[in-house]
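*Asks:* Dropping the structure in here first, questions after.
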Amino acid sequence: MFKTPISLTAAAAVAALSLLSGCAALGPDFKAPAAPQQAAYRHAAGSADAVLPAAWWNAFGDATLAALEQRALQDSPSVKASAERLAQARAQLGAARAATRPQLGVSTSAAYERSSQNTSQAILLHHVSVVGMDYEAGASMSYELDAWGRVRRLVESASAQVQAAEDDHGAVVLTLSSQIANSYFQLRGLDAQADVLGQALASRIETEALVQSRFDAGVSNELDLSRARVETANARAQLIDVQRQRADLEHALAVLVGASPSEPLVPAATSAKLASPPQIPVGLPASLLAQRPDLAESVATLRALNAQVGVAEAAFYPSISLTASYGFASQPLSDLLKASSHQYSIGPLGLSLPIFDGGRNRANLAAAKARYSEAAANHEQRLLTALREVEDSLNDVQQLQDQALVQAQASAAAERAYEVARARWERGVSNYLDVTDAQRSALSTERDATQIATQRLLAAVAVARSLGGGWTPER
């Protein structure tokens, strides 16, 4: 006869508290940081409306580079690790969301018990000891009524952490792809230098043979022969050093793509000429927040920390929980499921209100606000750093292009000086020292031109990386 009033009371309590749980959550609602206000990049020289594709390395038109990038996306341990971090964040979000739903459980037990004859209850029953088996089977339910939005803020924080993990995955991929491109073009630059040095070595071997024949004929002296041998040995030593550097780079590149360093990865280039870098579409500074995964990750972290402020504020308010259970209990196992053996409880309706905690909640709230403020300042610094990286890379592109034009003039002049010096020496007008000086100058300017061509490719990679490499958020 008590079931209906109890049920109505419980239902009314649940309904009232459900209304409370629909109230606005405590804590400030998140507002995303403002985008940069500048109209354009200072050193930009292209269309601001163009968009960099996700596979940005295809802009270089190099099939070997594209194959390395695709292989890295599949095999790189760092990409796999970041994917697992994302899986962890999603699992933690699922755990946080579980707190918004009632928790149900079932249990059974069987116990053999003997009560003491000397307890207060046994004395009232004339020292009777109860001996026997007890069997129980039932279900229980518990639910935290989110009256102040604490659980909702926890879910919001976990959801933002998933976003941050997604953005971190994008940042790992972008960093890896740019490292691969950098290593690859450095390797190709060394191939070009090896070709230049190979041609220089062949020329010096030819010249040394000529000096040797002139010395044998008594036309040249031993000093000229020694100088020719020195130049040949220097060219051979420089070629060996470039080959050493190339091997080290290939080992590093193999690790980046997830291959064994013992595996031959990139065959030597057949031509010394490096390709011209493509023009990378720049876009506008205001779009940088949406283009760079590290900045997007920073914003998601801010959202998570902002939600934690709400969690800390909710600690000042009562926490309300509702529990209920229903089941059967009986001493004889045969009577366990009879109607007379059933039992249930609704409640207790738990309310916990902090009265005095020694300032712990206030300290936790102050710490949560300070963490958010710190993250906001760090985000501002990251944004300024990102803008600087874009400007630096765009400036490098411009300056290296101008430097390449000047260096081409220097290389042509040095090559002409070598031809004149050798012709004068062969006619006996000048000594062999002029030839060796001209050889060194021509080789140095040619290697400088090759290094500048390599730097131009690396600058184009830096532009793509600083702009986010065509990354788009997964939401």
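The values are calculated or read from the model by the stated rules, or taken from the named source; none is laboratory data. No experiment lies behind these values; they were computed from the predicted model shown. Neighbour counts are summed over all protein chains in view; Cβ atoms, including those assigned to glycine, are modelled from backbone coordinates with ideal geometry. The accessibility values were calculated without ligands, DNA or RNA, using every heavy atom of the protein model including side chains. Shrake-Rupley method; radii C 1.70, N 1.55, O 1.52, S 1.80 Å.
*Asks:* Take the conditions closer than 26 Å to residue 66 by Cα and open to solvent by 30 Å² or more (accessible area, probe 1.4 Å) and apply them to residue 396. Does it pass?
*Replies:* yes
*Asks:* Within segment 182-196, is even one residue assigned to a helix (DSSP H, G or I), among the basic types (Lys, Arg) and either touching a His at 6+ places or on another chain (Cβ under 8 Å) or surrounded by 22 or more Cβ atoms within 10 Å (Cβ to Cβ) (or both)?
*Replies:* Yes, because at least one residue in segment 182-196 is assigned to a helix (DSSP H, G or I), among the basic types (Lys, Arg) and either touching a His at 6+ places or on another chain (Cβ under 8 Å) or surrounded by 22 or more Cβ atoms within 10 Å (Cβ to Cβ) (or both).
*Asks:* Residue 315 - would you say it is within 48 Å of the chain's Cα centre (by Cα), surrounded by fewer than 21 Cβ atoms within 10 Å (Cβ to Cβ), more than 30 Å from residue 34 (Cβ to Cβ) and modelled with pLDDT of 85 or more?
*Replies:* Yes; evaluated as a whole, the condition is true for this residue.
*Asks:* May I ask you to list the residues in segment 112-136 that are open to solvent by 70 Å² or more (accessible area, probe 1.4 Å) and among the acidic types (Asp, Glu)?
*Replies:* 113, 136
*Asks:* From (1) polar (S, T, N, Q); (2) within 16 Å of residue 411 (Cα to Cα); (3) under 42 Å from the mean Cα position of the chain (by Cα); (4) surrounded by 21 or more Cβ atoms within 10 Å (Cβ to Cβ), pick out the condition that doesn't hold for residue 466.
*Replies:* It is condition (2) that residue 466 fails.
*Asks:* Would you check if there is a residue in segment 242-264 being in contact with a Phe, Trp or Tyr (Cβ under 7 Å, 6 or more places away or on another chain), at pLDDT 90 or above and either of a type in the set (A, V, I, L, M, F, W, C) or surrounded by 18 or more Cβ atoms within 10 Å (Cβ to Cβ) (or both)?
*Replies:* yes
*Asks:* Next up: From the residues in segment 207-241 that are open to solvent by less than 70 Å² (accessible area, probe 1.4 Å) and among the basic types (Lys, Arg), which one is farthest from residue 72 (Cα to Cα)?
*Replies:* Filtering first and then ranking leaves 214.
*Asks:* Determine whether residue 142 is over 25 Å from residue 326 (Cα atoms) and open to solvent by less than 70 Å² (accessible area, probe 1.4 Å).
*Replies:* Answer is no for this residue.
*Asks:* Continuing with this model, one more query. Suppose the filter is farther than 30 Å from residue 224 by Cβ, touching a strand residue (DSSP E or B) at 6+ places or on another chain (Cβ under 9 Å) and open to solvent by less than 30 Å² (accessible area, probe 1.4 Å); does residue 155 pass it?
*Replies:* So residue 155 does not fit the description; no.
*Asks:* Looking at segment 399-443, which of the residues that are buried (at least 17 other Cβ atoms within 10 Å of the Cβ) and hydroxyl-bearing (Ser, Thr, Tyr) is nearest to residue 214 (Cα to Cα)?
*Replies:* Looking at the filtered set, the residue picked out is 432.
*Asks:* Residues of segment 265-293 being open to solvent by less than 70 Å² (accessible area, probe 1.4 Å) and β-branched (Val, Ile, Thr), which ones?
*Replies:* Hits for segment 265-293 are 266, 280, 282.
*Asks:* Can you say whether residue 365 is among the hydrophobic types (A, V, I, L, M, F, W, C) and either under 26 Å from the mean Cα position of the chain (by Cα) or within 30 Å of residue 106 (Cβ to Cβ) (or both), as far as the supplied structure shows?
*Replies:* Criteria not met by residue 365.
*Asks:* Also, quick follow-up: Test residue 327 against the stated conditions and say whether it is in contact (Cβ under 8 Å) with a residue 24 or more places away in the chain, out of contact with any strand residue (DSSP E or B) (no Cβ under 9 Å at 6 or more places or on another chain), not in a loop (DSSP other than H, G, I, E, B) and not polar (S, T, N, Q).
*Replies:* no
*Asks:* Where the second residue is not aromatic (Phe, Trp, Tyr) and not in a strand (DSSP E or B) and the first is open to solvent by 50 Å² or more (accessible area, probe 1.4 Å) and lies in segment 94-111, which pairs have Cβ atoms under 6 Å and are six or more apart or on separate chains?
*Replies:* 97/155; 100/151
*Asks:* Considering 204, 229, 303, which residue is of a type outside the set (Gly, Ala, Ser), assigned to a helix (DSSP H, G or I) and either without any contact (Cβ under 8 Å) to a residue 60 or more places away in the chain or on the phi > 0 side of the Ramachandran plot (or both)?
*Replies:* The conditions single out 229.
*Asks:* For segment 8-54: of the residues being in contact with an Asp or Glu (Cβ under 7 Å, 6 or more places away or on another chain) and at pLDDT 60 or above, which is farthest from residue 295 (Cα to Cα)?
*Replies:* Among those residues, the one meeting the criterion is 26.
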